[in-house]
Amino acid sequence: MKLHEYQAKDVFADAGLPVPASRLADSVDGVVEAAGEVGYPVAVKAQVHVGGRGKAGGIKLADDADEAREVAEAILGMDLKGYTVESVLVEAAVDFVDELYVGVTMDRGAGQPVAMVSTKGGVNIEEVAAEDPGAIEQEHVDPAFGLHPYQARRAVYEAGVDRAVASDVASVLSTLYGIWDDNDASEAEINPLMVTADDEVVAADAVLNIDDDALFRHPDLAEMEESSYEDDLERLAGGYGFDYVRLDGNVGIIGNGAGLVMTTLDLVDHYGGKPANFLDIGGGAKADRVVDALDMVFSDDNVDAVVFNIFGGITRGDEVARGINEALGSFDEIPKPVIVRLAGTNAEEGMKILDTDLVTVEATLEDAVRRTVELAQEVAA
Amino acid sequence: MSVLVNSDTRVVVQGITGGEGSFHAGQMMAYGTNVVAGAVPGRGGEEVNGVPVFDTVDEAVRETDADASVVFVPPAFAADAMFEALDSPVDLVVAITEGVPTQDMAGVKKRLSETEKTLVGPNCPGLITPGEAKLGILPGNIFAAGDVGLVSRSGTLTYQIVSNLTERGLGQTTAVGIGGDPIIGTDFIDALSLFEDDPDTEAVVMCGEIGGEDEEEAAQYIATQMDTPVVGFIAGRTAPPGKRMGHAGAIVSGGGTGTAQSKIDALEGAGVPVGDTPEDVAGHVEDLL
């Protein structure tokens, strides 16, 4: 789960990291009022989960109320890489002389946390990593002990951070590691960590992404999940508890197991179609989950046909068939053609139960995908 | 021959009194697996499917000589169960549990590195040596004994590819589901090296997916250290960056690492044919044998 910048900054401030004064606003008048409280000049920053907000026009400075109104009108409601900006963070602008990067993430290859420092802050760190990996100083961490203070110091000095702020930056890195660890984060990042003319350091941005699998022990963070959904379909999927990803095609896809669903998407593409979504009903799904899954995919107006691909291990074909009959039997007219392929546990029983007036049945994965792509193209035409 | 498990493997099931644990312990036994014990704190002295339950893994091993553990323990307690098994005398730990927090797994991985033991999973379907034993939740009826090894990050995709193999009469030595999490015990290279050393494995199918760089590293290993031919499959060619595709580990980073194309290129560069479809994979294997 990705926290918004304003949420991450609340967590950072509570842990004692230096963040600028700020207020959240969701209207033009609200921005002007917030800017007055924070004090000019301010940065007005779109709160959407999009990288490179600044370049895309989602962050603008304002020196007075007129400018604040102007930039608020420009940013609120704007489309930022496909996401509508509904709120902005109004923040005291920092007068900086240097921009650093500090971050903590899980190095999955090493199976260890890694703390990072770079003097190349303020730009996309993944680009820095690709082009100039030596510019990022890394310290791998034994999770049993956490980041030793000497490791934070070593990273900072090796990275070439100015000696006047080195101690403060090391302290920020140690605190950031603590935040990462305490909150079961997958990433915690400050980019840029700004350095002011009088050698203060300030977290001008904040990234905090939480491991979804650990949300059960962070009820406070789990409450923020509602605001992390980026559209109504994701919100619906969250309510149903599905692993769901929206894509931009017209072939709806439902299946069991992440690898098999991904493969089904890939086959849709392979046979000339465009996937509309990834939807994994998980292992051992009962009929009611199947009903929910069809409702989920039918709710996407872009979908023209649906392929339902099940290879049962702990999922039973007869349960799936009952769910499909129930979901489609409730319509006077089936909203979109559904192509079903059942294999594995109780597939034969499922095929007997399945009402073939409601669905098209195919025997193999390849045939089911091909047929769905054809039907989607017919419906679209 | 086979790798990791056979009809002699003596299994203790951690979490055998739970719904999943009791059901799959029964399924494993029905397949012929030698399940000798269960381990559940506070439930010592009970029996499940006729199998004695002990309070600790250590006691289960002492009383039954179990040498492998299968973990069916809920996510919040799964890491503790893995530590318990790794600190016991068993040699092999298979963790089925899905949804173990990644930071917990970093601790388990560290402990694992200090032992000579094998951990498979978590978030995996387990492993099976057809006709001998299965440790996990794989549906036994789709497998057939033969000479193809299989290693995969995905459960149901494994079943799909195995059924394509079995339909062509291509049976399996052992199939290992290594799991879809970012931090796992046995990785591709570990499994590939086991198959390389198994005289009965004539070819290996390796099913990867987006996320991480394990497949790229495996390609390097195949090119430099393996004589047994390998056929590949990579799921997630159409996955957008930054989105977790079901598995916690199946994510293309915003910077573009972990893409299917990078993995396909690496495998093909190592001389590994990569199937476009599961059916293609079976076809490539047939061509090799």
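Quick notes
- Residue within region A:4-13 that is touching a residue at least 24 places away in the same chain (Cβ under 8 Å), closer than 25 Å to A:Ser186 by Cα and not in a helix (DSSP H, G or I) present: yes
- Within region B:69-120, the residues that satisfy the criterion of being crowded, with 19+ Cβ neighbours inside 10 Å, among the β-branched types (Val, Ile, Thr) and more than 22 Å from B:Val35 (Cβ to Cβ) are B:Val100, B:Thr102, B:Val108.
- Applying the set (1) buried (at least 22 other Cβ atoms within 10 Å of the Cβ); (2) in contact with a helix residue (DSSP H, G or I) (Cβ under 8 Å, 6 or more places away or on another chain) to B:Tyr221 leaves exactly one unmet item: (1).
- In region B:251-284, of all residues being assigned to a loop (DSSP other than H, G, I, E, B) and among the hydrophobic types (A, V, I, L, M, F, W, C), the one that is modelled with the lowest pLDDT corresponds to B:Val252.
- Filter pass, B:Ala25 being over 18 Å from the mean Cα position of the chain (by Cα) and assigned by TED's automatic domain parsing to the domain that holds B:Leu92: no
- Criterion: touching a helix residue (DSSP H, G or I) at 6+ places or on another chain (Cβ under 6 Å), polar (S, T, N, Q), under 25 Å from A:Arg341 (Cα atoms) and facing chain A (nearest Cβ under 9 Å) - qualifying residue of B:Thr158, B:Thr238: B:Thr238
- Count of region A:335-357 residues which are in contact with a strand residue (DSSP E or B) (Cβ under 7 Å, 6 or more places away or on another chain) and either within 12 Å of another protein chain (Cβ to nearest Cβ) or outside any helix (DSSP H, G or I) (or both): 13
- Exactly one residue among B:Val151, B:Val120, B:Val90, B:Val108 is touching a strand residue (DSSP E or B) at 6+ places or on another chain (Cβ under 9 Å), within 18 Å of A:Ala258 (Cα to Cα), of a type in the set (Val, Ile, Thr) and more than 8 Å from chain A (Cβ to nearest Cβ), and that residue is B:Val151.
- Test: residue in region B:114-136 that is under 18 Å from the mean Cα position of the chain (by Cα) and part of a helix (DSSP H, G or I): no
- Checked against (1) farther than 21 Å from A:Ser186 by Cβ; (2) at pLDDT below 95, B:Val90 passes all but a single condition, namely (2).
- Residues that are within 10 Å of chain B (Cβ to nearest Cβ) and surrounded by fewer than 17 Cβ atoms within 10 Å (Cβ to Cβ), drawn from region A:188-234: A:Phe216, A:Arg217
- Entirely in region A:59-154, the strands (runs of 3 or more DSSP E) that have 1 or more residues that are within 14 Å of another protein chain (Cβ to nearest Cβ) and among the aromatic types (Phe, Trp, Tyr): A:96-107
- Of all the residues in region B:236-252, those that are crowded, with 22+ Cβ neighbours inside 10 Å and on the phi > 0 side of the Ramachandran plot number 2.
- Exclusive hit being at pLDDT 95 or above, assigned to a helix (DSSP H, G or I), aliphatic (A, V, I, L, M) and under 22 Å from A:Gly283 (Cβ atoms), set B:Ala81, B:Ala85, B:Ala106: B:Ala81
The values are calculated or read from the model by the stated rules, or taken from the named source; none is laboratory data. It should be emphasised that the depicted structure is a prediction, and the values quoted were computed from it without experimental measurement. A quick note on method: Cβ atoms are made from the backbone with ideal geometry, for glycine too, and the neighbour counts reach across all protein chains shown.
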